[in-house]
1. Nearest 10 degrees is fine. How inclined is helix B:138-159 to the longest principal axis of chain B, computing both from alpha carbons?
2. Just to confirm my numbers, what's the Cα centroid distance between the range B:2-45 and the range A:689-720 in Å?
3. Classify the range B:86-159: rounded, prolate or oblate, from the alpha-carbon gyration tensor (a ≥ b ≥ c, eigenvalue square roots; a/c under 1.5 rounded; otherwise prolate if a/b is larger than b/c)?
4. Please report the antiparallel percentage of the DSSP beta bridges confined to the protein assembly as shown, to the nearest 5.
5. If I model a spin label as a point 7 Å beyond the Cα along the Cα-Cβ vector, how far apart are those points for residue A:68 and residue A:318 in nm?
6. How big is D, in µm² s⁻¹, for the range A:324-451 by Stokes-Einstein at 37 °C and 0.692 mPa s if Rh is the Kirkwood radius over C-alpha pairs?
7. Ranked by Cβ crowding within 10 angstrom, fewest neighbours first, how are A:303, A:418, B:81 ordered?
8. Calculate the length of the line joining the C-alpha centroid of the range A:581-608 to that of the range B:86-112, in whole Å.
């Protein structure tokens, strides 16, 4: 389960160096990298369920620029959606470059400045995947500058030192920018030896976020804030019923309304372009659409489709023998989770300008390069004529792994030859989300004579996560034969149980389901860890001891044991409720990072109240421990929201609800007042952070409820 | 029609066809103050919270005609990098924002709460701060609200 370390040296790549970048930069450093064979990606993914870093293509990737004022611009191939990646990347780069953190400016790489990371931003992988290549790139640049400084200063390179972006030696100093000025030919050294851990100035330190001020003073940094000169505004009509298609649209009234510039009818949508957003919105309401609604889908209809035993079956894990269904000692419990909405606060949208065979799109997206491909394809343009400019994201959570609405914005702009800004209404966000699929689980287990599990089986049904996603080539799913997204957290981590298996049943639902922060982990961990607690109770064992006894002693087994032991110890875990408060325990491992939670709850006025969560995460090196903790705190509360409050359903053939409030989410009053995050460093590289802590929360709360009330809750959202 | 008001201390007059247009779009698109965010358009999330005569208002559902003659404050007018509002100071100390999109709304709601209740209890915070943050930064936000109250009460007596 440990992530395979990739030690692809930068020196094997071909460098691109540009001197004298017009008036701005004095040096730009990039690399040519080569496409990983897709097959290798697939196998690495199969092993870890983690897509590897893959700077695709053969075009130059621009990494660094040195500006005249000695600012180093880092062009990030990963987008900043709140996870703190920009800050972490700046820390990593600063240590190898020997510059102060404040000298580094991180910007989103756009597709014109080089090909961006083709694998997108997601999977909690930004820091983990760039750890090695970014350090190598930064160290190489530092040595290039030192080499050039040696020439310019007439001092041997061995007598030079670098600090705070300045090269010193023999009583002389030059800033990096001064070294780079007027240089046209650079010597690129082999990848230098990387810094030793003990010499880090920034990595491992709780540096404040580099985007903090922009976010505290309301700077216009988001896609929604973008504008272009001479810009129009648009609104789009799309189907409200699941599976509906447009028969006809009467635009005769709307097209004469104030400010309306053009109304564009397409296959299954209508775009209204107007001078202002409110005018576009008003005209939209005046359009009559006749829809063909082939079926009125219901919640029951979806549940009927989505059951263990229905759809495509895939055995994901198989050890020992299968349980005998007639064995009366077998314990069986069913669990379920609902459809979940992303509900990120910044709606999806884009500003597009298509003119003279070129397209420019400003957009909040997690898939910069896929969006570029989609726009190029839809408009019949060459890729190099489509520039995608990513912005800060007002939340990602996986929703922006599908931003094909960039195509709609581009079509609208092309129709009027002017820039067009367009974004979803909140109702459209809720009805046209790519939802977390609902799930159904059957857990089966049998104890041996020592009160430990002889067998444990997880049978689960899920809608699409990775399957049918633009993010993964269809071949990936065909080769693996399973939905690797739905499988996250679905396998049994208790490898000492002699007979264990995980079996996935997959069904594509009539509405889009896809990546939602932590993917299958949330529901799978809820089922497995609830059942583990149930079996511990049945065996009359302490739930912590029960878990520890069934983990093995390989590298990952030891790391899981460490987080479990630490969580129990730090929280003072005890089985018996005290003064109306009960504790609940649960653990998981996700993408190489084990995590354990202990929650403390009570029942207040008939509702579950979470008072405290102790969260122990082993994410290897925490590049920025404060931001790792922030991710844990956010994951814990988002997990509470998903596990205790949120639920999409179908009503009159439509996805429902369509607004915050009715779509109940955790608010301030639902957030625990105490979250104690403990980080363990069980590996010498940074590992995923942003998703693993979402896993155990549902089961931890349900396990606490069981110990307080005797009642086993088996369906999310948890309800007494 | 012409509507006049003060925004961030400056008098402004705008010419608008539809007097029922939400204040949010006037602020964002006509006055180019992008710190006030659109989240839902139904006053359900609070991303568009700003102050009208010192009270927290969800501007996506507030007709511009009602702003006539009033004092509007947006996040851009709350404080600056050089002279931060205590709420912004506290938010910075506790490194509250993640994605940051909803944060101006929360900071405006908090500033209005502190005007009303200078030293809010946890219960006051629960009852009054009801915006939605999907990154779920509530844990740090609560700490930052208490800290902002502390900064406000420390600075107030000197000012009065």
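1. Helix B:138-159 sits roughly 90 degrees off the main axis of chain B.
2. Between the Cα centre of the range B:2-45 and that of the range A:689-720, the gap is 43 Å.
3. Since a/c reaches 1.5 and a/b is larger than b/c, the shape of the range B:86-159 is classed as prolate.
4. Antiparallel bridges: around 75 percent, rounded to the nearest 5.
5. Label-label distance for residue A:68 and residue A:318, simple model: 6.8 nm.
6. Translational D for this selection: 190 µm²/s.
7. Ordered from fewest to most neighbouring Cβ atoms within 10 Å, A:303, A:418, B:81 come out as B:81, A:303, A:418.
8. 28
Bear in mind these aren't lab numbers, they're just calculated from the coordinates by the rules spelled out. If you're wondering where the values come from, they're calculated on a predicted model, not measured in any experiment. Here Cβ is always computed from backbone atoms with ideal geometry, including for glycine, and neighbour counts include all displayed protein chains.
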